[in-house]
1. Could you state the accessible area per residue of the stretch 12-166 in Å², with a 1.4 Å probe and every protein chain left in place?
2. Which value, in debye to the nearest 20, gives the size of the charge dipole of the stretch 12-166 about its Cα centre, when Lys and Arg are +1 and Asp and Glu are -1 at the Cβ?
3. Setting aside same-chain residues fewer than 8 positions from residue 93, which lysines have a Cα under 27 Å from its Cα?
4. Stretched out fully, how many nm does the piece from residue 109 to residue 28 gain, at 0.36 nm a residue minus the Cα gap?
5. Please turn the phi angles of the stretch 12-23 into ³J(HN,Hα) values with the Karplus equation 6.51 cos²θ - 1.76 cosθ + 1.60 (θ = phi - 60°), one per residue in order, whole Hz, x for glycine and proline.
6. Counting only other residues whose beta carbon sits under 11 Å from that of residue 94, what net charge do I get with K and R as +1, D and E as -1?
7. Less than 13 Å Cβ to Cβ from residue 109, Lys/Arg counted +1 and Asp/Glu -1: what total charge do the surrounding residues give?
8. What list of ³J(HN,Hα) values in whole Hz, one per residue of the stretch 144-150 in order, does the Karplus curve 6.51 cos²θ - 1.76 cosθ + 1.60 (θ = phi - 60°) give from phi, with Gly and Pro shown as x?
Amino acid sequence: MVERPNFSPSDPHLTLAGRLIPGGHALHVRVYYEDTDFSGIVYHANYLRFMERGRSDYMRLLGVFQGELFEQAAAEAPGFHFVVRSMQIDFRKPARIDDVLEVVTLSKEVAGASITLLQQVKRDGEVLVSATVRVAFVSEGRAKRIPDALRQATLQDARATEAIGETER
């Protein structure tokens with residue numbers, strides 16, 4: 001798998017945001033005590049937190065910084081925000097305290113007001129959790145067209161994900 005260079009603005013901590021990969025993004029997270037239940041296994045809801053970090057850092061490395069995006073979109077779409085519209089999740093195997101996990105986020109589809117992402121949480125290449133997440137762009141309580149800069153960046157990755165899927169068949 002050939003990696004793309006990271007978007008590198010003046011953020012001195014950008015290396016914490018993972019890396020861009022063909023079709024998407026990969027982020028490493030370590031499982032801490034706070035992420036587990038009494039038995040040392042990752043509590044199921046914490047996978048959602050790991051995947052949220054993956055989605056946020058994916059956007060960051062595409063050059064879509066939440067603060068800047070809010071400022072730019074304020075005039076175009078007042079009161080806008082992203083919401084998870086739907087999520088299908090499959091818990092396959094547990095992660096444990098001290099595991100280092102890789103959260104992979106791939107763009108699948110970009111529609112008018114939503115983006116569909118495929119996400120996997122892996123340990124040593126083995127998929128532990130997989131999810132299909134549909135994120136909607138909302139302004140003033142209604143779905144709105146995704147801003148063009150974000151649309152173009154994720155469309156490019158959706159095409160790459162599609163191409164990767166075709167070569168794996």
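The values are calculated or read from the model by the stated rules, or taken from the named source; none is laboratory data. A quick note: this is a predicted structure, and the numbers were derived from the prediction, not measured. Quick reminder, even Gly has a Cβ in these numbers, built from the backbone with ideal geometry, and neighbours come from all protein chains shown. Protein only, heavy atoms only, side chains kept; ligands, DNA and RNA dropped before computing areas. Shrake-Rupley method; radii C 1.70, N 1.55, O 1.52, S 1.80 Å.
1. Details: 8080 Å² over 155 residues.
The answer is 52 Å² per residue.
2. Working: 19 positive and 20 negative charges, 52 e Å.
Around 240 debye, computed over the stretch 12-166.
3. 108, 122
4. On the way: separation 81, 0.36 × 81 = 29.16 nm, distance 2.39 nm.
Difference between extended and current length: 26.8 nm.
5. Whole-Hz 3J(HN,Hα) from phi for the stretch 12-23: x, 10, 4, 4, 6, 8, x, 8, 7, 10, x, x.
6. Values: positive: 92, 93, 96, 123; negative: 37, 99.
Result for the neighbourhood of residue 94: +2.
7. On the way: positive: 85, 108, 134, 151, 159; negative: 157, 162.
Residues near residue 109 contribute +3 overall.
8. Along the stretch 144-150, the couplings run 10, 4, 5, x, 4, 4, 5 Hz.
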